[in-house]
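FYI, it's all coordinate maths here, none of it is from the lab. Here the structure is a predicted model, which is why all the values come from computation and not from measurement. Note that we place each Cβ from the backbone using ideal geometry, even for glycine, and neighbour counts take in every protein chain shown.
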Amino acid sequence: MQTTIRDVTYAIRSTLRSRGFAAVAILTIALGIGANTAIFTVVNALLLRPLPYAHPDRLVMVWQDLRARGGPADEWATPGNYADWRRETDLFQEIAVINGWRPTLTGDAEPEPISGEQVSHEYFSVLGIAPILGRTFAQSDDVPNAPRVAVIGYGLWKRRFGGSGSAVGQRVILSGEPHEIIGVLPSGFRPIVSGAAEIWRPLRINTASPSRGSVVLRAIARLPEGVTIEGAQSSATALARRLEALYPQFNEKTGFYLTPLQDRVVGEIRPGLMAVFGAVVVVLLIACANIANLLLARASSRARELAVRMALGATRRRVIRQLLTESLLLASIGGIAGVLLGLWAVDALVSLAPSSVPRLNEVGLDPAVFAFAAVLTIATGLLFGLMPAVQASQRDVAYALNDAARGGSRVAGRALRSALVVAEIALALVLLTGGALLMQTFVRLLTADLGFNPENVLVGFVNPPRTSYKTSAEYRAFYDQVLEKASALPGVQKAALASVLPLSGDSDTSFEIEGRPVPASQSETPVTWYREVSAGYFDAMGMTIRRGRAFAEHEPAPSIIVNETFVRTFFPREDPLGRRARFGNNPDDPWFTIIGVVADAKARGARESAKVETFVPYWQLTEPGMFVILKSATTGRLAAPLRAAVSTIDPSIPVSGITTLSEMVGDSVSQPRFFATLAMTFAALALLLASIGLYGVMAYAVSQRTTEIGVRMALGATPIEVFRLIVGDGIRLAAIGIALGIVGSVIAARWLTALLFGVVPGDPLTLALTAAGLLLVSAVASFIPARRATRVDPMAAIRSL
């Protein structure tokens with residue numbers, strides 16, 4: 001202990017004697033550890049920390065697996081399958097289903113649209129969530145015709161009810177229907193499916209005679225204690241085969257697929273987050289290489305001191321211990337500064353992150369973060385301190401005394417410092433290339449041709465309550481008035497309606513084509529996305545009619561417009577115009593005539609290919625809920641007039657979700673933008689550190705080669721030749737690092753394949769531009785040492801021999 005105290009005391013004195021060196025080292029460490037601490041805090045909250053539910057490792061999402069039918073592995077479930085799953089107590093301890101809900105809360109205050117969920121009564125029990133007031137749903141609440149009850153979230157309770165305990169038992173009007181509030185949830189609860197949900201009510205499914213053809217539910221289940229997900233998947237597969245035999249019309253080629261809830265919640269963000277985490281680790285490695293170079297240079301300047309210590313009896317182990325103590329002291333100070341920097345960086349990350357990032361509200365410091373920072377600090381101190389310490393302790397005492405007296409430097413030390421700089425440049429190029437690829441991906445996603453024009457388009461959603469609008473004729477009359485008043489707003493060039501917008505979701509249905517055999521089973525029944533639209537929809541959205549025509553105002557005959565993918569799929573060698581299709585399987589439903597073909601639109605974003613789509617006039621097939629679309633050069637001033645116009649038709653109906661189509665497109669690429677921004681930020685930091693490292697090596701080399709340079713100039717070397725010599729040395733190191741970095745970039749970029757769009761991992765142009773940029777920065781970093789070398793006085797250098 002006394003020896004340790006002496007080492008620490010000496011390390012403090014040594015550090016104080018070299019304040020400039022210490023400041024640079026501590027700042028470099030703080031940047032590296034701060035970045036790593038910030039990113040680890042996010043990774044810990046999103047990926048490592050268990051979900052905030054009871055025994056989250058036993059929670060799974062349950063899907064219909066339609067891969068055998070050419071569909072997805074994670075299709076939603078039918079009420080019929082849910083009813084069968086509930087009976088499988090050996091497979092699921094408990095299972096609940098969820099459906100979206102967008103009610104409007106009316107009362108004394110202004111009508112407020114609220115995001116909600118309709119759930120089966122087991123929902124809160126499955127998650128292990130208890131209310132802070134009242135109760136959650138009982139089985140008696142979840143049967144057809146049961147009185148309407150609701151559970152509200154903490155935020156809604158505070159906002160609309162002032163946090164009063166009397167809220168429980170109150171009756172509220174939701175989309176025209178009275179509901180009794182029976183419970184309030186804790187503030188920390190975040191729903192699984194709709195992260196913005198603030199209110200819940202029972203689904204009231206008739207499980208005695210459930211629908212088996214409607215794919216409308218998402219299911220979450222809790223596995224029995226001791227049952228693994230692999231074992232549960234095997235049992236679910238066996239159950240799927242039994243139900244296929246019982247209900248061949250609906251369950252043919254339909255499997256059941258289980259995924260851990262944690263994977264489902266954070267699965268989409270995991271690759272990007274891990275890529276950024278890898279980037280900050282590389283930044284820390286570059287920082288360590290930089291400090292190791294500083295320590296090597298410092299050890300060279302301390303060669304005489306260390307040689308005297310060893311001459312007086314200090315062992316190699318003792319010298320290494322003293323130097324490592326100094327390194328750990330620097331690392332500790334830098335680590336503390338890094339944690340403080342990380343605290344600020346975490347807040348910045350959370351503010352920059354898009355709202356679509358799951359569990360963002362849970363990001364914060366906890367013991368795991370501090371433990372990570374402590375371990376990282378110690379590991380960093382050992383990593384950058386061990387190599388210089390070993391190098392310094394290997395010196396021959398007599399040689400070191402003579403070499404130090406001459407101001408020389410051993411070749412081995414110069415080679416090691418050069419190798420570290422080469423490694424820094426190689427790692428910096430890897431980060432620059434990865435960041436450039438991610439930035440290109442974001443730009444290409446943002447500028448991709450989606451098949452519609454989002455510029456100068458404002459959208460808002462109106463949802464007439466079923467209690468007030470009971471028939472299709474009433475809905476149509478309301479939508480007709482909305483369209484008329486919206487079209488008359490000042491500055492509106494075009495107005496339209498649509499049940500579903502691109503990037504906002506989808507709605508699909510089965511259909512049959514006239515003259516073709518009716519499929520024997522549901523698995524062979526064709527499916528199309530469908531949108532109910534007004535006549536001006538395609539003009540307002542900037543979509544091109546390829547064949548035929550668009551809808552006329554109040555098109556009298558049942559008509560549809562299909563997209564190009566529909567035609568390629570069902571009429572590859574036929575003219576679709578004039579052909580007819582019927583939705584559903586009811587023979588009494590009308591046939592719709594195809595009157596036009598519209599260009600494909602990527603309704604789920606640029607990464608997804610176009611789907612089979614059908615467009616139907618809203619006055620021929622009317623459902624609740626419609627988007628209002630306004631094309632105008634003054635979209636920023638239309639929100640209030642639109643709300644006022646709808647209010648004159650029905651004051652109880654608000655216009656919710658008012659935004660622009662451009663903002664929706666921007667939101668759809670918010671995660672790629674976030675990861676690209678982070679990657680480029682850390683790549684720039686890596687470039688700065690690598691250039692500082694190269695500058696340091698070249699500057700030190702010039703100081704050590706002063707005599708050599710003086711002799712060269714005395715023998716006739718011109719300043720320009722000396723300049724070229726030093727810059728050439730720097731560029732040679734950079735070229736070696738760039739060559740290694742190109743290989744590393746090609747390898748590392750393959751890990752980014754899932755994140756890329758419109759660019760290949762080994763894109764030659766990206767590699768060439770980043771390599772050229774890094775070479776230019778390296779030349780600039782060598783410029784100042786090279787100029788200093790040209791100012792060496794030959795006579796003074798020769799006299800120092």
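Quick notes
- Angstrom value of the Kirkwood radius, inverse mean 1/r, which spans all Cα pairs in the chain: 31.5
- Using alpha-carbon coordinates, inclination of helix 316-352 to the longest axis of the chain, degrees: 30
- Distance between the modelled labels on THR593 and ARG444, one decimal in nanometres: 4.4 nm (7 Å Cα→Cβ projection).
- Those chymotrypsin sites (Phe, Trp or Tyr not before Pro) in the stretch 158-257 that DSSP places in a loop and that have at most 12 other beta carbons within 10 Å: none
- Extension gain, ALA768-GLU514: 0.36 nm per intervening residue step, less the Cα-Cα distance, totals 85.8 nm.
- Pairwise FRET efficiency - MET795 versus SER356, Cβ, R0 = 51 Å, nearest 0.05: 0.15
- For a label point 7 Å along the Cα-to-beta-carbon line of ARG148, residues of the stretch 172-188 with backbone N under 12 Å: 172-181
- Rough spin-label spacing in nm, given labels placed 7 Å along Cα→Cβ, for ALA633 and GLN249: 5.8
- Across q = 0.15 Å⁻¹, the stretch 143-202 modelled as identical point scatterers on its alpha-carbon atoms has Debye log10 I(q)/I(0) values of -0.44, in the order of the q list.
- The chain: Lys pairs at Cα distance under 18 angstrom, eight or more positions apart or on different chains: 4
- Counting only the Cα atoms, the stretch 502-642 fills a convex hull of 139 Å³ per residue.
- Antiparallel bridge percentage (DSSP; both residues within the stretch 124-196; nearest 5): 60
- Normalising the average separation of contacting C-alpha pairs (under 8 angstrom, six or more residues apart) by the number of residues puts the relative contact order of the stretch 213-284 at 24 percent.
- Average Cα contact separation per residue, the stretch 590-697, under 8 Å, 6 or more apart, as relative contact order %: 14
- Summarising the strand pairing of the chain, around 80 percent of its internal DSSP beta bridges are antiparallel.
- Spin-label model distance (nm) - THR659 vs ILE720, 7 Å beyond Cα toward Cβ: 6.1
- Applying a DSSP loop filter and a limit of 16 other Cβ atoms within 10 Å to the GluC sites (Glu not before Pro) in the stretch 562-634 leaves GLU574, GLU608.
- Placing +1 on each Lys and Arg Cβ and -1 on each Asp and Glu Cβ, with no other charges, gives the stretch 576-657 a dipole about its Cα centre of roughly 360 debye.
- Two-site FRET efficiency, ARG67 against ALA23, from Cβ-Cβ distance with R₀ of 45 Å, rounded to 0.05: 0.15
- Of the GluC sites (Glu not before Pro) found in the stretch 1-99, those that fall in a DSSP loop while having at most 16 other beta-carbon atoms within 10 Å are GLU88.
- For the stretch 1-72, the Cα gyration tensor yields ellipsoid semi-axes of 53, 18, 10 Å (square root of five times each eigenvalue, largest first, whole Å).
- Relative contact order %, the chain, counting alpha carbon pairs below 8 Å whose residues are six or more apart: 16
- Charging the Cβ of each Asp and Glu at -1 and of each Lys and Arg at +1, and nothing else, the dipole of the chain about its Cα centre rounds to 3940 debye.
- Extension gain for the segment GLU110 to ARG732, taken as residue separation times 0.36 nm less the Cα-Cα distance, is 216.9 nm to one decimal.
- Secondary structure note: in the stretch 113-257, about 50% of the DSSP beta bridges are antiparallel.
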